[in-house]
Amino acid sequence: MAMDIDALLEGGPSYGVVDAKDGFLLFGREGHEAEFRALTAEVEAFADGYEVIALETPDDGPDRLFLAPLTEERSFAPER
């Protein structure tokens with residue numbers, strides 16, 4: 001089951017979204033840590049076509065989530 005990425009990128013009560021150059025950064029809002037952890041697990045399981053990278057704090061689990069489309073186009077040229 002694929003996730004509706006467009007709806008996800010609108011943000012919500014438990015998280016905000018920043019449009020990054022090569023993807024999107026979702027960040028948890030204060031007081032909504034449990035909801036953001038649940039959202040992170042759902043995104044990791046169902047975000048087809050995206051690389052999902054959870055950025056975790058040592059004590060609270062993920063507080064940011066980076067989504068990068070799986071595509072060959074990047075804003076940087078990888079060194080070989």
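The values are calculated or read from the model by the stated rules, or taken from the named source; none is laboratory data. Everything quoted here is computed from the prediction, not taken from an experiment. Just the protein is used for accessible areas: all its heavy atoms, side chains included, with ligands, DNA and RNA removed. Shrake-Rupley method; radii C 1.70, N 1.55, O 1.52, S 1.80 Å.
Overview of values
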| read-out | value |
| --- | --- |
| Count of the stretch 30-65 residues which are farther than 14 Å from G12 by Cα, open to solvent by 60 Å² or more (accessible area, probe 1.4 Å) and part of a loop (DSSP other than H, G, I, E, B) | 4 |
| Residues being in a loop (DSSP other than H, G, I, E, B), open to solvent by 40 Å² or more (accessible area, probe 1.4 Å) and not small (G, A, S) - total across the stretch 1-21 | 6 |
